[in-house]
Amino acid sequence: NASFDIAKLIDTIDFAAKKHSYQKRKDIARTPYINHPIGVAKNLTDAGVYDLATIQAAILHDTVEDTETTFEEIEQQFGQKVRNIVAECTDDKTLEKAEIKRLQIEHTPHLSKQAKEVKLADKLYNLRDIKREAPIGWSKERVQEYVIWAKKVTDGARGTNQMLEEQLNEIYSKGVFEF
Ligand code: NDP
Ligand code: ZN
């Protein structure tokens, strides 16, 4: 039912906007954080992904990782399917940063198709963001390190969505020195 789906989608955006309301991105303008999850969801629909649970998970993908939100809360409001995709895309922030990065590379090949789609769309958004402008305080080396790591993660999700993968190829083909 289309009206029901639209209402669910708006509920999801409203939920994420409230959760991220005090957060900013790392760019110079300190863009509102919510621009990112909305942009990740748009990367998916632009690439022909219209599965509602996947789009909702994209909108919610950083809520548990970066705010007080719990998986239980997400399941209660948006159901188990959405919860599971969000869980697959959530890092364990109790671990060291280097370990978190290593685990993303290790885990991505074993994720569900839906979680891989969100991962690809998320990295695509962040890479474009970094390409547009390096985050505050990042050296060229740090930017290059990020691009190399992102490629290792997205390489683990190949064979999932051709359009997203081609857009990522485009970015990687330019080489890290053009960032
Ligand atoms: P990250 O390197 O993980 O920061 C990138 C993340 O920030 C993105 O994945 C994105 O995550 C989020 N983000 C917010 N705003 C932006 C933006 N404008 N553009 C792109 N991404 C944005 O940060 P950490 O502090 O967690 O990283 C630590 C790691 O960085 C260490 O493991 C180390 O390897 C490396 N490092 C390297 C240094 C160097 O000089 N070479 C110095 C310090 C650390 P999301 O999708 O979740 O919003
Ligand atoms: Zn993200």
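The values are calculated or read from the model by the stated rules, or taken from the named source; none is laboratory data. All of these numbers come straight from a predicted model, not from anything done at the bench. Cβ placement follows ideal geometry from the backbone for every residue including glycine, while neighbour counts extend to all protein chains displayed. Surface accessibility is based on the protein's heavy atoms, side chains included, excluding ligands, DNA and RNA. Shrake-Rupley method; radii C 1.70, N 1.55, O 1.52, S 1.80 Å.
For this structure, a couple of remarks:
- Positive end of the dipole of segment 2-178 (Cβ unit charges, origin at the Cα centre): among Leu103, Gly159, Trp149, the Cα lying farthest that way belongs to Trp149.
- Summed residue charge, Cβ within 11 Å of His110's Cβ, Lys/Arg positive, Asp/Glu negative: -1
- With a Förster radius of 22 Å applied to the beta-carbon distance between Gln162 and Lys113, the computed FRET efficiency rounds to 0.95.
- Dipole in debye (nearest 20) - the chain, about Cα centre, beta carbon charges: Lys, Arg +1; Asp, Glu -1: 480
- Spin-label pair Asp5/Asp155, simplified geometry with 7 Å Cα→Cβ offset, distance in nm: 3.7
- Using the average count of surrounding beta-carbon atoms within 10 Å as a protection proxy, the listed peptides 98-104, 60-66 rank, highest first, as 60-66, 98-104.
- What the Cα convex hull of the chain gives, in volume per residue, is 116 Å³.
- Segment 55-74 and segment 119-163: distance between their alpha carbon centers, rounded to Å: 21
- Computed [θ] at 222 nm, helices only, for the chain once each DSSP H run of length n ≥ 4 contributes -39500 (n - 2.57): -20500 deg cm²/dmol
- Among the protein heavy atoms of segment 56-135, carbon and sulfur supply 48% of the accessible surface, probe 1.4 Å, non-protein parts ignored.
- When the charge dipole of the chain is built from unit charges on Cβ atoms (+1 for Lys and Arg, -1 for Asp and Glu) and taken about the Cα centre, the candidate among Ala134, Thr54, Ile38 whose Cα reaches farthest toward its positive end is Ala134.
- Under 24 Å from Lys174, Cα to Cα: lysines that are on another chain or at least 8 residues apart: Lys26, Lys42, Lys101, Lys116, Lys119, Lys123, Lys131, Lys140, Lys151, Lys152
- Neighbourhood charge, 9 Å Cβ-Cβ cut-off, centred on Asp27 and excluding it, Lys, Arg +1 and Asp, Glu -1: +3
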